[in-house]
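**Student:** Got a structure here, written out as structure tokens. Questions coming.
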Amino acid sequence: MIDIHLIPILKDNYAYLLQSPCGKTAIIDPGEADPIIKILDEKNLVLDYILITHHHWDHVSGIVKLKRKYNCSVISPEKEFGKIKGSDIKVSDKDIFELGSEKAQVILTPGHTVGAICYYFKNSKALFTGDTLFSLGCGRLFEGSARDMFESLEKLKYLPDDTLIYCGHEYTRENAKFCLIMEPDNDKLKKRIEEVENLRSLGKATIPSTIKIEKETNIFLRVKDPDEFKIIRQKKDSF
Ligand code: ZN
Ligand code: FE
């Protein structure tokens, strides 16, 4: 099992520090470097790898500084490799990344961007989704089509129910308002919203969620086809 530590960065982004049992370390989506260096210092760790989900600035801006300090290797999605400064290793769909003894499968999930990927650590039941799947939401369609995103989310839906979802932003409370308008009678959604309100009022993260929770409550995982997805995504964009 990997040890996962959530690091709030920028306004509402999350980076994640991963540690394998043998002590290898990785950071997912360092949108800035300083809070990450601080945590690594506190834990007396150095950094072996940086894993990137997509090329947006709020997920990559810490790379250069971290690389200079730790000389770590940077893993980036193949299709966005040229856009991500400091990239070393390209990964594409179904590739396996090894963090010491812990393996992560790369899942290509276009929609938010064309080359966006998720990292799935099967043994640890952990999925890092970047801006593809959020709790109670999904990423905006900046580069891909509604069909792309629908199909990407379908792939994630078939992972085991107890898979933990670690996404790139704390958007859950905002997303909840839209889900509730779409499904005012969804009792599981109401229960989740109560939990989310509690966590946020205590200043805590609503992450990780799980595939099960999202299938029960996230409207974007509850639509039946790309056409319905497109309509709901457009509604959300103007919400
Ligand atoms: Zn993004
Ligand atoms: Fe983002």
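Computed from the coordinates by the stated procedures, all read-outs in this text should not be read as laboratory data. All figures in this text were calculated on a predicted structure; none of them were measured in a lab. Cβ coordinates were reconstructed from backbone atoms using ideal geometry, including for glycine residues, and neighbour counts include every protein chain displayed.
**Student:** With a ≥ b ≥ c taken as the square roots of the eigenvalues of the C-alpha gyration tensor of segment 73-169, please select rounded if a/c is under 1.5 and otherwise prolate if a/b is larger than b/c or oblate if it is not?
**Tutor:** In terms of gyration-tensor shape, oblate.
**Student:** Ok, one more. Where a ≥ b ≥ c are the square roots of the eigenvalues of the C-alpha gyration tensor, would you call segment 1-102 rounded, which needs a/c under 1.5, or, failing that, prolate if a/b is larger than b/c, or oblate?
**Tutor:** Oblate shape, in that a/c is at least 1.5 and b/c is the bigger or equal ratio.
**Student:** Here's a follow-up. When a footprinting reagent is the concern and you count Cβ atoms within 10 Å, what order do Ile89, Ile211 take, fewest first?
**Tutor:** Going from sparsest to densest Cβ surroundings: Ile89, Ile211.
**Student:** With springs connecting C-alpha atoms under 10 Å apart, model the chain as a Gaussian network and identify which of Lys67, Lys224, Lys83 has the largest mean-square fluctuation.
**Tutor:** Greatest mean-square fluctuation among the candidates belongs to Lys224.
**Student:** Does segment 48-110 classify as rounded, prolate or oblate by the C-alpha gyration tensor (a ≥ b ≥ c root eigenvalues; a/c under 1.5 gives rounded; else a/b over b/c gives prolate, otherwise oblate)? Don't skip to the answer; put the middle values down first.
**Tutor:** On the way: a/c = 2.15, a/b = 1.17, b/c = 1.83.
Note, shape of segment 48-110 comes out oblate.
**Student:** May I pose another question? If the reach is capped at under 12 angstrom between alpha carbons, list the aspartates and glutamates near Lys125, excluding any in the same chain fewer than eight residues apart.
**Tutor:** Within reach: Asp3, Glu102, Asp161, Asp162.
**Student:** Same structure again: Is there a pair in Lys103/Lys215; Lys188/Lys236; Lys188/Lys224 whose C-alpha atoms are over 23 Å apart, and which pairs would that be? All intermediate terms of the calculation are to be shown ahead of the outcome.
**Tutor:** Values: Lys103/Lys215 25 Å; Lys188/Lys236 20 Å; Lys188/Lys224 19 Å.
Among Lys103/Lys215; Lys188/Lys236; Lys188/Lys224, the Cα-Cα distance tops 23 Å for Lys103/Lys215.
**Student:** Using a Cα-Cα cut-off of under 20 Å, which lysines could be cross-linked to Lys67, ignoring same-chain neighbours fewer than 8 residues away?
**Tutor:** In chain and number order, the partners are Lys24, Lys38, Lys43, Lys83, Lys85, Lys90.
**Student:** I've got another one for you. Comparing Leu45, Leu221, Leu189, which has the greatest mean-square fluctuation in the GNM of the chain with Cα pairs linked when under 10 Å apart?
**Tutor:** Judging by the Gaussian network model, the answer is Leu45.
**Student:** If you average 1/r over all unlike Cα pairs in segment 151-239 and invert the result, what Kirkwood radius do you get in angstrom?
**Tutor:** Mean inverse Cα-Cα distance, inverted, gives 13.7 Å.
**Student:** Taking Cα centroids, how far is segment 181-239 from segment 51-102 in Å?
**Tutor:** 29
**Student:** What is the order of Met182, Met149, Met1, fewest Cβ neighbours within 10 Å to most? Before the final figure, lay out the partial values.
**Tutor:** On the way: Met182 16, Met149 26, Met1 12.
Neighbour counts put them in this order, fewest first: Met1, Met182, Met149.
**Student:** As a test of the formula, what do you get for the chain when each DSSP H run with n ≥ 4 contributes -39,500 (n - 2.57) and the sum is divided by the residue count, at 222 nm and rounded to the nearest 500 deg cm²/dmol?
**Tutor:** One gets -9500 deg cm²/dmol as the mean residue ellipticity at 222 nm.
**Student:** Loop only by DSSP, 14 or fewer other Cβ within 10 Å of the Cβ. Give me the chymotrypsin sites (Phe, Trp or Tyr not before Pro) in segment 56-150 that pass, ordered by residue number.
**Tutor:** Counting only loop positions with at most 14 other Cβ atoms within 10 Å, the chymotrypsin sites (Phe, Trp or Tyr not before Pro) in segment 56-150 are Phe142.
**Student:** Give me D for the chain in µm² s⁻¹, whole number, from Stokes-Einstein with Rh from the Kirkwood sum over alpha-carbon pairs, 25 °C and 0.890 mPa s. Intermediate results must be reported in sequence, preceding the final value.
**Tutor:** Numbers: Rh = 17.9 Å.
Approximately 137 µm²/s, per Stokes-Einstein.
**Student:** Within straight cross-link reach of Lys11, meaning Cα distance under 13 Å, which aspartates and glutamates are found once same-chain residues fewer than 8 apart are removed?
**Tutor:** Within the straight-line cut-off, Lys11 pairs with Glu32, Asp58, Glu170.
**Student:** Where does helix 146-157 land angle-wise versus the long Cα axis of the chain, in degrees 0 to 90, nearest 10?
**Tutor:** Once rounded, the angle reads 70 degrees.
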